[in-house]
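Colleague: Attaching a single structure in structure tokens format; questions to follow.
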Amino acid sequence: MKRYLPVIMGFLHFLITLTASGCSRHDRNAPTNESASSTPRSTNRGPAAVRLVEAPLGDDVAKIIREATQREKANGRPLVVYVGAPWCEPCQRFHQAVQNGELDTDFANLTLLEFNLDVDQQRLTKAGYTSNLIPLFVVPDADGHPTAARFEGSTKGPTGVERITERLRTLM
């Protein structure tokens, strides 16, 4: 038994890490009731606040992201692509923290272009915005394509937003 203890401990660590990590595509606890809109919604609390902008409909995701990046750059705001889902606990907590202004001090002027994995998965995949976990955060290039500046997943529970904030800081 003593000989197998390191293997057992390693496996338990793996299970704990897996359980505490971000949501996978198969981690749906509840179906979404949200419908996509062709008009982007935005949280806009002021000029120095984090803005969460719902991505508009359209097949050409790269074009949508390119245009949003250009628009935000002209306004002095960096843009990060954010992919989440209504059933993802870290996504829910992060979304709420943004809406409550909890990240405005850390990320003044940041715009997050939000995609819903349940609605947008096919068009995101076609554009190269893929991941195994959500939330997904990606800094796009000037043409709207994903770059290596990205991270996916977060811990569940109250530390999830803190973990996302730490990792988002490294992208900025």
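Colleague: Taking a probe of 1.4 Å, how large is the accessible area per residue of the range 124-172, in Å²? Could the numbers behind the result be given before it?
Modeller: On the way: 2330 Å² over 49 residues.
On a per-residue basis, the range 124-172 sits at 47 Å².
Colleague: Computing the accessible area with a 1.4 Å probe over protein heavy atoms, can you report the carbon and sulfur percentage for the range 39-153?
Modeller: Exposed carbon and sulfur together represent 48 percent of the surface.
Colleague: What does the extension gain come out to for T130 and E67, with contour length at 0.36 nm per residue minus their alpha carbon separation?
Modeller: Length gained, T130 through E67: 20.7 nm.
Colleague: What FRET efficiency do you get for A148 and D106 if R0 is 25 Å and r is their Cβ-Cβ distance, rounded to the nearest 0.05? Don't jump to the answer; show the numbers that get you there.
Modeller: Values: r = 22 Å, r/R0 = 0.90.
Computed FRET efficiency for A148 and D106: 0.65.
Colleague: Which percent, nearest 5, of DSSP beta bridges in the range 36-172 are antiparallel?
Modeller: Percentage antiparallel, nearest 5: 45.
Colleague: Further question: Which value, to two decimals, describes the C-alpha radius of gyration of the range 96-149 once divided by 2.2 N^0.38 Å?
Modeller: Computed over Cα atoms of the range 96-149, the ratio equals 1.28.
The values are calculated or read from the model by the stated rules, or taken from the named source; none is laboratory data. Note that the structure is predicted; figures quoted are calculated from it, not measured. As a convention, Cβ positions derive from the backbone with ideal geometry for all residues, glycine included, and neighbour counts pool all protein chains shown. Ligands, DNA and RNA are stripped out before the accessible areas are found, and what is left, the full protein with its side chains, is counted by its heavy atoms. Shrake-Rupley method; radii C 1.70, N 1.55, O 1.52, S 1.80 Å.
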